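Here's a structure for you.
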Amino acid sequence: MKKNQMIEKIIHGIFLILGLITVGCVLVITVYLIISGLPAIFEIGFADFIFGKEWASTASKPLYGILPFILTSVYGTIGAIIIGVPIGFMTAVYLSKMASPKVKSSMQSAVSLLAGIPSVVYGLVGMLVLVPGIRKLFHVPDGASLLAAILVLAVMILPSIIKMSITALDAVPKEYEDASLALGATPIETYFKVSVPAAKSGIAAAVVLGVGRAIGEAMAVMMVAGNVPNMPDSLFQSVRFLTTAVSSEMAYSSGLQQKALFSIALVLFIFIMLINASLNFFLKRERD
Amino acid sequence: MLNTSLSKKRKIFEITLKLLMYISTGLTASLVLFLLLYVLVQGLPNVTWELLSTKPSYITERIGILPDILNTVYLVIAALLIVLPLGVGAAIYLTEYATDKKVVGMIEYAAETLSGIPSIIYGLVGMLLFSNSMGTCLLAGALTLVIMNLPTIMRTTQESLKTVPRSYREGAFGLGAGKWRVIRTVVLPGCVDGVITGCILSVGRILGESAALLFTAGFAHAVNGFIDGLASPGASLTVALYVYAKEQGEFGVAFAIAAILMLLTVLINFAASLVQKHFEKRRNV
C-alpha cells in the first residue's frame, strides 16, 4: 500500500512539472530577451536607441537608431488594420447572419485555408504579383515598399479577424435579434445595430489579434518591403520592420551590432506583451 | 414589399451595408481562389520527379529538394515526439490534478502568452537557448518548434478531456483504482481525439514555419538519415523556398515548393475537419 502511495506521489509530481513547463518557457523567454537585450540599450543610450532616426550598423561610425523600424511596424500594422478589418468584419457579419449554412461552411474552410498558407508563400506571391503591380500602377522605380507590405499583411490578418468575429457574432442571443425584428427593424438594421454592438468585445478582440499577427509577421514582409532602413515617409518607400530588422542582419552580425538586434527583439516583445494584455482584457469582457 | 414602406434614409443604409457585405465576402472568396490557383498553376508544372528525388548539384546545375523534404519530415517527427508527452501531460495535470485555481490560471495565461509570441522571437530565443549550445541543427529547430506547439497540443487535449464524463472516473475510483490507474485506463483513452486533432494542427504549423527555423536549423541541403539529420543543419521546405526566391532568384523552384506546401495545407485542413466531424458524430451517439 505504501509503495502505491509513493508511486502516486511521484506521478503527481511528474504531471505538476509537465504542467509548469509552459510557465517555465514564458519565464525563460522573457528573462533571456531582457538579459540579452538590455546591454546594447545601455551602451547606445536609451534615447539614441529608441528615438535615433538612423540605423547604420555597418558604418565605420555605427549608428543604432530604431525609430524607423518602430514607425514602419506601427504604420504597417495600422495600414493593414485599415484595409483588413472592414473587409473581415463585413465578411464575418455576412457569414454569421445572412449566409446559408452551405455557403457559411464552405467559406469557413476557405478562411481556414487562408490561415494555413505559410507566410513564405504569401511573400512569394507578393514578390511576383504585388511588387511589379505597384511598380507599374504607380510608376515608381521599385515596387518593394511599405504599401506592398501593408497589402500582404492585410490579407494575412483576414482569417484571424473573420474567425474570431464570427465566433462573437454567433454567440449573440437569438432573443436580442428577435426583439429588434419584432419592433419593426429590418434584418440588416438588426445585425448592425443590435448584434454587432452585442458582440463588440469579441470583435475588438479580433482586431487586437489582427494587430498582434501583423506586428509579429516577419518572412512575408521581408520578401516584399524592400528591407532598407529608411524612415517610412511615404507608402512607396522601401522600409524595414522591427521583425525584419532582427532577421536580416542576424546571420552576419557580431558584437554590439548583434546585441542591438537582441534589443530590437526586446522592443518587439514588449509591443507583443502589451497587445496580449489588451487581447486578454477584451476576451475576459466577452466572457462576462 | 416591406421595403417600400421604409424611409429613404433607412433604404440607403440597408442597400449600402448589403452591398458592402457582398463585396467583402466576394473579395475574401476570390482572394482564396486566386492564391490557390495562382500558386498551383505557377508551381505544379515545375514539380518533376527529378526535383523531388535529388539534391542540388553544382555539377549539373540542377536544383533538387529531396533534402528539404526529408528535413521537414524529420522536423515534424522530432517536434511531435517531444511535444506530445509534454502537452498531453500538462493538459492532464490541468484537468485531473490541479486544484489550486491560481496555478491553473497561471498555466493557462502562460499558454496564451506562448501562442501570441511571433515566430521570429522564438527563432531568436531558440538560437540563444539551443543553437548556441548544440550548434545550428535540426534538433535545435525541432526544440524551438516544441515550445511553439505546446499550447496547441495542450488546448486540444484539454478540450477532449473535458468531454470524458465525470462518472467514468468516479466508477473507476469506486472500483478501487488509484489515480494513476484511472488516468491510464479511463482518462488517456478519452483524449485520443484531442491528441489527434492537436497533431494535425501542429503538423500544419510546423510545415508553414520559417522564421523560427532560419537561425536554429540553418540552410544546408544535405541528404541525411534521421539521427544524422537531427544533428546537422538543414533547411525545411519553407526556408528553402525563401532562400531560392529571395537570395537566388530561382522562382521556378520556389513556386514548385509553394505548390507542394499549398497542397499539403489543403490536405491538412481537410483532415482536420474530417477528424473533427468524425469525433463529433461519435460523441453524439
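Since every read-out is calculated from the coordinates, none of them should be taken as a lab result. Computed from a prediction, not measured in an experiment: that's the story for all the values here. Neighbour counts are summed over all protein chains in view; Cβ atoms, including those assigned to glycine, are modelled from backbone coordinates with ideal geometry.
Please list, in chain and number order, the residues 5+ apart from B:Arg62 or on another chain whose amide H is under 5 Å from its amide H, with Hs placed from the backbone.
The answer is B:Ser57.
Loop only per DSSP, at most 12 neighbouring Cβ atoms within 10 Å: give me the chymotrypsin sites (Phe, Trp or Tyr not before Pro) in the stretch A:183-288, ordered by residue number.
Values: sites: A:Tyr191, A:Phe192, A:Phe236, A:Phe241, A:Tyr252, A:Phe262, A:Phe269, A:Phe271, A:Phe281, A:Phe282; in loops: A:Phe236, A:Phe241, A:Tyr252.
Those satisfying the criteria are A:Tyr252.
For chain A, what relative contact order do you get, as a whole percent, if you take Cα pairs closer than 8 Å and at least 6 residues apart?
Working: 376 pairs, mean separation 72.4, N = 288.
25 percent.
Take the alpha carbon atoms of the stretch A:49-74, find their center, do the same for the stretch A:203-227, and report the distance between the two centers in whole angstrom.
Using only Cα atoms, the two centres lie 21 Å from each other.
Now, a different point. Report the semi-axes of the equivalent ellipsoid for the stretch B:3-46 in whole Å, largest first, where each axis is √(5λ) for an eigenvalue λ of the Cα gyration tensor. Working shown, then result.
Details: eigenvalues 328, 7, 4 Å².
For the stretch B:3-46, the semi-axes come out at 41, 6, 4 Å.
Across the stretch A:65-72, in residue order, what do the Karplus-derived ³J(HN,Hα) couplings come to in whole Hz, using 6.51 cos²θ - 1.76 cosθ + 1.60 with θ = phi - 60° and x for Gly and Pro?
So the Karplus estimates, Gly and Pro as x, are x, 10, 4, x, 5, 4, 5, 4 Hz.
Other chains' Cβ within 10 Å of B:26-39 residues: what's the mean?
Per-residue shielding by partner chains comes out at 5.
Per DSSP H run of n ≥ 4, the term is -39500 (n - 2.57); total these for chain B, divide by its residue number, and report the mean residue ellipticity at 222 nm rounded to 500 deg cm²/dmol. Could you put the intermediate results ahead of the total?
Details: 13 runs with 197 residues, N = 285.
Using -39500 (n - 2.57) per qualifying helix, the result is -22500 deg cm²/dmol.
Still on this model: Please work out the C-alpha center-to-center distance from the stretch B:202-242 to the stretch B:154-184 and express it in whole Å.
Here the answer is 38 Å between Cα centres.
With r as the distance between the Cβ atoms of A:Lys9 and A:Ile35 and R0 = 30 Å, compute the FRET efficiency 1/(1 + (r/R0)^6) and round to 0.05.
With R0 = 30 Å, the Cβ-Cβ based efficiency is 0.25.
In nanometres, what is the gap between the two model label sites at A:Leu16 and B:Ala29, each 7 Å from Cα along Cα-to-Cβ?
My value for the distance between the label points is 5.6 nm.
So, R0 is 35 Å and r is the distance between the beta-carbons of B:Ser133 and B:Ala222; what FRET efficiency does that work out to, to 0.05? Could you put the intermediate results ahead of the total?
Values: r = 22 Å, r/R0 = 0.63.
The pair B:Ser133/B:Ala222 has a calculated efficiency of 0.95.
Quick one: Karplus J couplings for the stretch A:201-211, per residue in order, coefficients 6.51, -1.76, 1.60, θ = phi - 60°, nearest Hz, x for Gly and Pro?
Result, rounded to whole Hz: 5, x, 5, 4, 4, 4, 5, 4, 4, x, 4.
Sticking with this one: Per 10 Å bin from zero, what fraction in whole % of the C-alpha pairs of the stretch B:49-284 is there, up to the bin with the longest pair?
8, 28, 30, 20, 10, 4, 1, 0
With +1 on the Cβ of every Lys and Arg and -1 on the Cβ of every Asp and Glu, and nothing else charged, how large is the dipole of chain B about its Cα centre, in debye rounded to the nearest 20? Show your work: numbers first, answer last.
Details: 22 positive and 16 negative charges, 290 e Å.
Computed charge dipole of chain B: roughly 1400 debye.
List the equivalent ellipsoid semi-axes of the stretch A:66-287 in whole Å, largest first, each obtained as the square root of 5λ for an eigenvalue λ of the Cα gyration tensor. Kindly include the intermediate steps, with their values, before the conclusion.
Details: eigenvalues 271, 79, 39 Å².
Each semi-axis is √(5λ); the values are 37, 20, 14 Å.
Do the alpha carbons of any pairs in A:Lys102/B:Lys18; A:Lys163/B:Lys9; B:Lys55/B:Lys246; A:Lys104/B:Lys281; A:Lys136/B:Lys9; A:Lys193/B:Lys101 sit beyond 30 Å of each other, and which pairs?
On the way: A:Lys102/B:Lys18 19 Å; A:Lys163/B:Lys9 32 Å; B:Lys55/B:Lys246 19 Å; A:Lys104/B:Lys281 20 Å; A:Lys136/B:Lys9 41 Å; A:Lys193/B:Lys101 38 Å.
Result: A:Lys163/B:Lys9; A:Lys136/B:Lys9; A:Lys193/B:Lys101 exceed 30 Å.
Quick one: length gained pulling B:Leu263 to B:Lys18 fully straight, 0.36 nm per residue minus the C-alpha distance? Write down the numbers at each step before the final one.
On the way: separation 245, 0.36 × 245 = 88.20 nm, distance 3.41 nm.
Residue separation times 0.36 nm, minus the Cα-Cα distance, leaves 84.8 nm.
Quick check: residue separation of A:Leu27 and A:Ala171 times 0.36 nm, minus the Cα distance between them. What number comes out in nm?
Details: separation 144, 0.36 × 144 = 51.84 nm, distance 3.47 nm.
So the extension gain works out to 48.4 nm.
Now for a separate question. Is it possible to state the helix-based mean residue ellipticity at 222 nm for chain A, with each DSSP H run of 4+ residues giving -39500 (n - 2.57), the sum divided by total residues, to the nearest 500 deg cm²/dmol? What is it?
On the way: 13 runs with 210 residues, N = 288.
That calculation yields -24000 deg cm²/dmol at 222 nm.
Apply the Karplus parameterisation 6.51 cos²θ - 1.76 cosθ + 1.60, with θ equal to phi minus 60°, to every residue of the stretch B:234-247 and state each ³J(HN,Hα) to the nearest whole Hz, in sequence, with x for glycine and proline.
Coupling constants for the stretch B:234-247: x, 8, 7, 4, 5, 5, 4, 4, 4, 5, 5, 7, 8, 9 Hz.
So for the pair B:Val104, A:Ala182, with labels modelled 7 Å out along Cα→Cβ, what separation do we get in nm?
About 3.7 nm, to one decimal.
If you don't mind, there's one more thing I want to ask. List the residues whose amide H sits under 5 Å from the amide H of A:Ala56, counting only those 5 or more places along or on another chain, with H placed 1.01 Å from N in the peptide plane.
A:Leu63, A:Tyr64, A:Gly65
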